[in-house]
Each structure stands twice: as C-alpha cells, then as structure tokens.
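Asks: Before we start, here is the structure in question, set down as structure tokens.
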Amino acid sequence: MGGIGKTALAQQLYNDAKVNRCFEMRAWVCVSDVFDVLDITKTILRSITGLPYEGKDLNEFQVKLRDNLFGKKFLVVLDDIWNEKYEKWTDLLKPFVVGARGSKIIVTTRNDAVVSVTKAPPIPLKELSLDDCTSLLAFHALEATNFKSHPEFETIGKKIAKRCKGLPLAAKMFGGALRNKMKPSEWEDTLNNLI
C-alpha cells in the first residue's frame, strides 16, 4: 500500500550510522515505473564513484560497476520497484555477484509479483494503530506526542487520524497541513474536506 512507510523505513536503514559502518559502498536509486537497466546501472555507478556517466553501452557500465564493487561490501536500495520481468532483474544483478559476503540489496515495492521475481524474503509492513496514527498526527501538527496540552483538538484529531487509515504518510501530510491552523473550526474544515 502506498504511504505505509516502505521508503521511510529504507531511508532510516540507509542513513543509520551503525548500518553505514558495515558497508564500504552505498547507493540509492528511486526506480518507480520505468525499469531501465542502463539508467539504474549508471545511477548506482554515479552514486558510488561520484562521477557522471554518459553513453548507451550497458555492458561498459556494468563492467565498470562490477570493477568498483569487486570484493567490497555494499548496500544498494532500489526504491519503488514495479518491474515483474525476470530477465530485466537478472540483467541488472549481473555486476553485483562480485561483492563481498554480507552485501545487501534492499527493494521496496507494493507489488507481490516483484517480490516473487526477486526471490527476496519480504518484510510486510502493517498500518499504524489508531493511537499511533493519532500520535503521529499530533507530532506533525502540534509538535506533541498526544493532545494532552491541546485538548480542544483531541476529538477532531482522532477523527482525522481515523481517516488516515493507519497510513503514516497520510498522518504526516495532514499534520503538516494542520500545523498553522490554531482553531478547532479549521481542523473541522480539514476533516470535512477529507470526507
């Protein structure tokens, strides 16, 4: 499901200092709809070397990527994958076989067919509980973990959190939208617009 926190969780891992110390090289690629093996390979290569890469020769770039990864422990995040074609996956993964033991590729997707093609063990995420969603909304709207210091917003805040259906991104977005609204009537207007 979109907005459940797949990318946010991957970002937390990718940016964690302890995790960073475990890997010699890291790369992040936001893939989305178009799974272009050449573009993804160039983006990874640019991310780990800091150099720009032009051209259309996939083999050339995969050789360069393989040479850079050889014997090194790496972390690569492929965010928002939709590709279900096995042959494209195998083409993309060719340079990665030379990495050191413990290297990782994290894939975020909301497509079960992608999980099947990659043969990766899935880590399904669940919606937040209403209490957690309410807390997240309060944090982004009021810089508080609950409504105790703002009781006038508690009832309407819980109604808005319920409309977020447990999605952290929705709670964050609505909390941000409510951040400058200091009257319960403005929160009511937001709830009515949601409905």
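Asks: Please work out whether the range 138-195 counts as rounded, prolate or oblate from its C-alpha gyration tensor, where a ≥ b ≥ c are the square roots of the eigenvalues and a/c under 1.5 means rounded, while otherwise a/b larger than b/c means prolate and anything else oblate?
Replies: rounded
Asks: Suppose every Lys and Arg Cβ carries +1 and every Asp and Glu Cβ carries -1, with no other charges. What dipole size does the chain come out with about its Cα centre, to the nearest 20 debye?
Replies: Around 520 debye, computed over the chain.
Asks: What is the diffusion coefficient of the range 64-158 in µm²/s, taking the Kirkwood radius over Cα pairs and the Stokes-Einstein relation at 20 °C with a viscosity of 1.002 mPa s? Don't skip to the answer; put the middle values down first.
Replies: On the way: Rh = 16.8 Å.
Result for D is 127 µm²/s.
Asks: What percentages, rounded to whole numbers, describe P(r) for the range 1-88 computed over all alpha carbon pairs with 10 Å bin width beginning at zero?
Replies: 15, 44, 34, 7
Asks: Given +1 on the Cβ of Lys and Arg, -1 on the Cβ of Asp and Glu, and no further charges, what dipole in debye does the range 97-136 carry about its Cα centre, rounded to the nearest 20?
Replies: That gives the range 97-136 a dipole magnitude of about 380 debye.
Asks: Two decimals is fine: what is log10 I(q)/I(0) at q = 0.13 Å⁻¹ for the chain, from a Debye sum with one equal scatterer on every Cα and no solvent?
Replies: -0.78
Asks: Just to confirm the filter: which chymotrypsin sites (Phe, Trp or Tyr not before Pro) across the range 53-94 are DSSP coil and have at most 12 other Cβ within 10 angstrom of their Cβ? Intermediate values should be presented prior to the final figure.
Replies: Working: sites: Tyr53, Phe61, Phe70, Phe74, Trp82, Tyr86, Trp89; in loops: Tyr53, Phe70, Trp82.
Listed in order of number, the matching sites are Phe70.
Asks: Right, something else. Give, rounded to the nearest 20 debye, the magnitude of the charge dipole that the range 34-129 has about its Cα centre when Lys and Arg contribute +1 at Cβ and Asp and Glu contribute -1 at Cβ. Display every interim value, and only then the final one.
Replies: Values: 15 positive and 13 negative charges, 97 e Å.
It works out to roughly 460 debye.
Bear in mind these aren't lab numbers, they're just calculated from the coordinates by the rules spelled out. The structure displayed is predicted, hence computed values, not measured ones. Neighbour counts run over all protein chains shown; Cβ positions are idealised from the backbone, glycine included.
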